[in-house]
Amino acid sequence: MEQRHLGRTGLRVSRIGLGTLTWGRDTDEHDAADQMKAFWEAGGTLIDTADVYGGGEAEYLLGQLVERLVPRRDLIIATKAGSVPDPYRRFDCSRGHLLAALDASLERLGTDYVDLWQIHAFDTGTPLEETLHALDIAVTSGRARYAGVSNFCGWQLAKAATWQLASPGIRTRLASSQMEYSLLQRGVEREVLPAAIDLGVGLLPSSPLGRGVLTGKYRHTTPPDSRGASELLAPFVEPYLDEPASRIVDAVATAAEGLATTPLEVALAWIRDRPGVVAPIIGARNAQQLTAALSVESLTLPDEICQALDDVSAPVHRYPDQDWSTL
């Protein structure tokens, strides 16, 4: 698998990442082991997790599989901190909480360091410089090699990245921003993506298959074993089952038919090769699904297909979004 630099850093990661959102909850140890082995054998290196996935079980399960199945040196392990199971405060990005969370993550993962440590979301209740100081401490102490953020809007990302660039050698530059991005969700193109490209921050798209909808599995019905049929995850899928989304999914299916491939590969190839994107993070239910997604490595979409998909899924840009002067 092709490797790409993560932002304006020396860290190289596989251009497809493996997500672990369901590990330890819907994905058991056997399926997780099969996924990790298939991913590694395909040349994948970037594995993304978080301290809240499965209540910590995703990190623990990943830690149990590293070394036993795959050498630690062959993996780029990324985790996140800042989300908390508190109904009154969804995020706690105070320095104390973040560093304690990182130590707990390292213990569950069974490693001395993570390759990429990310702030899970912007916390309005904590001064941003305090949050970013935790990243600096994590890197200078050797507990994290690189740092990034997740779910920061345009101005938040720009402020954080600029703050970190203000004192080179003292502060750790942001390597990445993880955001939802797909043919069904192109909101990041308005401000987040331009900021990331300008500031040298690599984008890691989450839900690159539109929460599974872009595979075409929901075109005619809801499969009983799908996320859309799950009581827990159905509300997660439902926003992308409307009429505008249906038109985009139909266009992807038409493109796949013309290219003699699958809608999954078309949607994944489109997002993988967007400007500023480093590695879409894909989550699979089993190794068979993952292998199907990894087969996209050999596919590059023709320019005319990319343009057609761009057109059918184009978000509405209005003042003062990027390129407003051309409207």
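Here are a few things to note about the model shown:
- The fraction of accessible area contributed by carbon and sulfur in the chain is 51 percent, rounded to a whole number (1.4 Å probe; ligands and nucleic acids excluded).
- The largest accessible area among HIS30, HIS220 belongs to the first residue in HIS220, HIS30, and the rest follow in falling order (1.4 Å probe, all chains).
- Each stretch of four or more DSSP H residues adds -39500 (n - 2.57); spread over every residue of the chain, this sum gives -11000 deg cm²/dmol at 222 nm.
- The chain: most fluctuating residue of PRO239, PRO194, PRO87 per GNM, C-alpha cutoff 10 Å: PRO87
- Between ASP310 and SER246, the simple label model (points 7 Å from Cα in the Cβ direction) yields a spacing of 2.8 nm.
- Reach of LYS37 by Cα under 27 Å, taken over lysines that are not fewer than 8 positions away in the same chain: LYS80, LYS217
- Simple Cβ-charge dipole of the range 50-159, Lys/Arg +1 and Asp/Glu -1, about Cα centre, in debye nearest 20: 180
- Cβ-defined net charge surrounding LEU203, 14 Å radius [Lys, Arg +1; Asp, Glu -1]: +1
- Dipole magnitude of the range 220-272 about its Cα centre (Cβ charges: Lys, Arg +1; Asp, Glu -1), debye to nearest 20: 180
- Only protein heavy atoms count here; under a 1.4 Å probe, PHE122 has an accessible surface of about 40 Å².
- Computed extension gain for LEU259 through LYS159, at 0.36 nm per residue and net of the alpha carbon distance, reaches 31.8 nm.
- Computed magnitude of the charge dipole of the range 25-69 (debye, nearest 20; Cβ of K, R +1, Cβ of D, E -1): 120
- Calculated FRET efficiency, ILE170 to ARG73, Cβ-Cβ distance, R0 = 30 Å: about 0.55 to the nearest 0.05.
- Taking THR49, THR22, THR254 in turn, the Gaussian network model of the chain (Cα-Cα springs below 10 Å) assigns the largest fluctuation to THR254.
- Rounded FRET efficiency, nearest 0.05, which uses the C-beta distance separating THR222 from LEU299 and R0 of 35 Å: 0.80
- Where only C-alpha atoms are counted, convex hull volume of the range 1-116 per residue in Å³: 107
- Relative contact order, whole percent, for the chain stands at 18, derived from Cα pairs under 8 Å and 6 or more residues apart.
- Selected from THR262, THR222, THR126 as most flexible by GNM, with the chain as the system and alpha-carbon contacts under 10 Å: THR222
- Per residue accessible area in Å² of the range 95-144, where ligands, DNA and RNA are left out and the probe is 1.4 Å: 38
- Sum of side-chain charges, GLN118 neighbourhood, beta-carbon under 9 Å (Lys, Arg +1; Asp, Glu -1): 0
- For the range 206-254, accessible area per residue (1.4 Å probe, heavy atoms of protein chains only), Å²: 53
- Counted by Cβ distance under 11 Å from SER105, the other residues give a net charge of -1, where Lys and Arg count +1 and Asp and Glu count -1.
- Taking a ≥ b ≥ c as the square roots of the eigenvalues of the alpha carbon gyration tensor, the chain is oblate, as a/c is not under 1.5 and a/b does not beat b/c.
The values are calculated or read from the model by the stated rules, or taken from the named source; none is laboratory data. The structure presented is a predicted model; accordingly, all values stated were derived computationally and were not measured. Neighbour counts are summed over all protein chains in view; Cβ atoms, including those assigned to glycine, are modelled from backbone coordinates with ideal geometry. These area figures cover heavy atoms from the full protein model, side chains too; ligands, DNA and RNA do not enter into them. Shrake-Rupley method; radii C 1.70, N 1.55, O 1.52, S 1.80 Å.
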